[in-house]
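**Student:** Quick one: structure below, then a few questions.
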Amino acid sequence: MKHYRLVFFLCLLLVSQISVAKINVLTCEPEWKALAEALGGDKINVYSATTAMQDPHNVQARPSLISKARRADLLICSGAELEAGWLPLLLRKSSNPNIQPNATGYFMTAAQVELMGQPTVLDRSQGDVHAAGNPHVHLAPFKMSDIAEKLSLRLEKIDSNNSDFYRKNLIAFTSRWNEAVKDWSKKAEVLKGTRAVTHHKDWIYLFHWLGIEEIANLEPKPGIPPNAGHLSKLKSLLEKQPANFIVRTAYQESRPSKWLADKTGIKMIQLPFTVGGSDKAVDLFTLYDEMIEQLLEAVN
């Protein structure tokens, strides 16, 4: 009798452990960690391979990250070659079939939507160009809604027992997001027609939505560090055609933008490029709040 009770107890314990098991999610960037948390809630464990203070182009496949990849049920990255310098190595070293290309646990956000910025010529002499288009789709608010819907479906496919939970969270997120986009659009109307200089060509989605014209980049070509000759040309250009602001991210070198700002008198702003890029940008909603607020302060 004791033997049967022990077996019964062990079965109950096993069922209990299975029922509370969470999906392990590895994201390449903080924005996708934030989206996964919004949709997955307490049903998932999420870890981001990078922080807002790191360039997602350049990351080391360190042992601790490989360990996370080995245990992941779902991988969420931007794709479109943004992580081409390190993600293939991470996947290979992880030996995890769940998150390899074409597996259910492999989710590239850029592959879920139509991209802007496809190069007309594929030539490495043009710098670090992305053949599929610009991968920074988290800065396109309308595309974010589509990505959230497709990610929710992927979570349901991996964890069908909690389908209703993911669907409910998607509805809540989408409703709140759509209302926020309306508010941001109205608040940022004054930004239409303003002109910006950026460090790297990574703001095209946000600027397209807000009607901001990007007139130049501090990098002479994408991925090529700013140099004295190019900065001098920009100074001459801006003396004839002034911009409203110079924009850089937290992980980009500050000296080129500060030099150009000092020489031209144009305001330089450091925008949070992703969640965690400033003290106030703690999720996707506050990220957009902070970006728009800083841009408005710059033009005012």
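Values quoted throughout were computed directly from the atomic coordinates according to the rules given, and no laboratory measurement underlies them. Because the structure is predicted, anything quoted here is derived from the model rather than measured. Positions of Cβ are backbone-derived with ideal geometry, glycine not excepted, and every protein chain shown enters the neighbour counts.
**Student:** Based on the alpha-carbon gyration tensor of segment 181-240 and its eigenvalue square roots a ≥ b ≥ c, which shape applies: rounded if a/c is under 1.5, prolate if not and a/b is larger than b/c, or oblate?
**Tutor:** In terms of gyration-tensor shape, oblate.
**Student:** Continuing with this model, one more query. At 10 °C and 1.306 mPa s, what whole-number value in µm²/s does Stokes-Einstein give for the translational diffusion of segment 137-260, with Rh from the Kirkwood sum over Cα pairs?
**Tutor:** 93 µm²/s
**Student:** If you don't mind, another one. What is segment 22-183 by shape, rounded, prolate or oblate, if you read a ≥ b ≥ c off the alpha carbon gyration tensor as root eigenvalues and call it rounded for a/c under 1.5, prolate for a/b larger than b/c, and oblate otherwise?
**Tutor:** oblate
**Student:** Report the gain in length on full extension from LYS280 to ASN102: 0.36 nm times residue separation, minus Cα-Cα distance, nm rounded to one decimal.
**Tutor:** Full extension from LYS280 to ASN102 adds 60.4 nm.
**Student:** Between TYR47 and ARG176, with labels modelled 7 Å along Cα→Cβ, what's the label distance in nm to one decimal, could you check?
**Tutor:** In this crude label model, TYR47 to ARG176 measures out at 2.6 nm.
**Student:** Which residues among segment 31-49 fall inside the zone where the amide N is under 19 Å from a point 7 Å beyond the Cα of LYS93, along Cα→Cβ?
**Tutor:** Within reach of a label on LYS93: 47-49.
**Student:** Now, a different point. Would you please state the base-10 log of I(q)/I(0) at q = 0.07, 0.12, 0.13, 0.14 1/Å for the chain, with intensities from the Debye formula using one equal scatterer on every alpha carbon?
**Tutor:** -0.32, -0.83, -0.95, -1.08
**Student:** State to the nearest 20 debye the size of the charge dipole of the chain about its Cα centre, where the only charges are +1 on K and R beta carbons and -1 on D and E beta carbons.
**Tutor:** 700 debye
**Student:** Still on this model: Assigning unit charges at the beta carbon (Lys, Arg +1; Asp, Glu -1) and nothing else, what dipole magnitude in debye, to the nearest 20, does segment 179-290 show about its Cα centre?
**Tutor:** 520 debye
**Student:** Sorting THR104, THR51 on the 10 Å Cβ count, fewest up front, what's the list?
**Tutor:** Listing THR104, THR51 from fewest to most nearby Cβ atoms yields THR104, THR51.
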